[in-house]
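The values are calculated or read from the model by the stated rules, or taken from the named source; none is laboratory data. Note that the structure is predicted; figures quoted are calculated from it, not measured. All Cβ positions, even for glycine, are placed from backbone atoms using ideal geometry, and neighbour counts span all protein chains on display. The protein model used for the area step is the full one, side chains on, heavy atoms only, and it has no ligands, DNA or RNA in it. Shrake-Rupley method; radii C 1.70, N 1.55, O 1.52, S 1.80 Å.
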Amino acid sequence: MKAPLIDPFQRAVTYLRVSVTDRCDFRCTYCMSEDMTFLPKRDLLTLEELDEVSTAFVNLGVRKLRITGGEPLVRRGIMTYFKAMARHLESGQLDELTLTTNGSQLHRFAADLAAVGVRRVNISLDTLDEQKFSKITRWGRLPQVLQGIDAAQSAGLRVKINAVALKGFNEDELFSIVEWCASRDMDLTFIEVMPMGDLGNEDRLDQYWPLSDLRGELRQRYTLTELPDNTGGPARYVRLEETGQKVGFITPLTHNFCESCNRVRLTCTGELFMCLGQEDRADLRPALRDPTAPALDDAIRAAIRLKPKGHDFDYSRQEVAGQMTRHMSHTGG
Ligand code: SAM
Ligand code: SF4
């Protein structure tokens, strides 16, 4: 047994999010610009390298892997990587292998994902209106995503919908989204829009719909019971007593969740980000490609020693403070 990964604030790192590509078949306005320049393929970790780093983390005590991107299901050969990670489920070293996806390719992959041991999937969907969906994703088509959700449920995957709360965009759909999820037995999490990437024409502050407001609206129709947090993550959950469903809120801007943070993020180029909201990072690629560099385990341990106490996002002064210049698709959200 190797010693577990403990950061300077005594938090055990047991959760790794792996971004397997920066590419995507959508261009959500809050995530990417329309004319994104993607990384040259040679800069990406190969599937074998992704396996090697992920496995090193598992051997150092990581028990949960979430695969993300960009859009993870557009990475060529991605099932090879999922199959490789399934061996850690089988050995009992990993509790959960899961992914966050825009759903566009799920109709092709749902059955295979279930077959390798994926049990749950997070699908991002901000609106049930076809035109609004095209507007917010720029390139996406709602029917294809709905087909993906059907395929996921048919394959026995538990589905959670992630919706970014956007002022003036999906406020009017709050109850229809909640009821649609309840009718399909899907969990639902709302995410506050975060100041990632260059603002361009889309001003994140204008789009910012505080989840405290959203919660207040839910309370007008439902009885909300707070549920204890057991994920160590940024989400807080309530149960809507009338429907029995679980609704989550990811509120990096109104709730500081950093004290219980158990996660780090690996980018598709092998950089390890210790915090979604800080620039602290370590490049693990030399440990994979350069025989003279420190060994991978040592590089990971050195990186974890740099995990900061928390992030600095703050909208409270009506300006975007602590803004990150990198896009969410780089670190995987
Ligand atoms: N493409 C996949 C998807 O959309 O689910 C996985 C990657 S995406 C970057 C992960 C999550 O980040 C999505 O739920 C997306 O809505 C969210 N996201 C992207 N940009 C965001 C932003 N600026 N603020 C809050 N959430 C954001
Ligand atoms: Fe693609 Fe996901 Fe970003 Fe949308 S949020 S552009 S689907 S990576």
- [ ] Return a whole-number percent for the relative contact order of region 22-123, with Cα pairs under 8 Å and 6 or more residues apart as the contact set.
- [x] 29 percent
Task: Accessible area of the chain divided out per residue, in Å², using a probe of 1.4 angstrom - done: 43 Å²
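Okay, helix-only estimate at 222 nm for the chain: each DSSP H run of n ≥ 4 adds -39500 (n - 2.57), divide by all residues, round to 500 deg cm²/dmol; what do you get?
So the calculated ellipticity at 222 nm is -8500 deg cm²/dmol.
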TODO: Pairs to check: 64/135; 41/135; 167/246; 64/246; 132/160. Give those whose C-alpha atoms are more than 26 Å from each other in this structure.
DONE: 64/135; 41/135
Open item on the list: Accessible area of the chain with a 1.4 Å probe: how many percent of it is carbon plus sulfur?
Closed with: 49 percent
Open item on the list: Let's see if you can work this out: charge +1 on each Lys and Arg Cβ, -1 on each Asp and Glu Cβ, no other charges. What is the dipole magnitude of the chain about its Cα centre, in debye to the nearest 20?
Closed with: 840 debye
Task: Contact order relative to length of the chain, as percent, for alpha carbon pairs under 8 angstrom and 6 or more apart - done: 21 percent
Task: the chain: angle of helix 47-59 to the longest principal axis, Cα-based, in degrees nearest 10 - done: 90 degrees
Open item on the list: I'd like the FRET efficiency for residue 217 and residue 259, computed as 1/(1 + (r/R0)^6) with the beta carbon distance as r and R0 of 30 Å, rounded to 0.05.
Closed with: 0.60
- [ ] Work out how much length residue 280 to residue 184 would gain on full extension: take 0.36 nm times their residue separation and subtract the Cα-Cα distance, in nm to one decimal.
- [x] 30.5 nm
Open item on the list: I'd like the distance separating the alpha-carbon centroids of region 205-246 and region 267-288, in whole Å.
Closed with: 32 Å
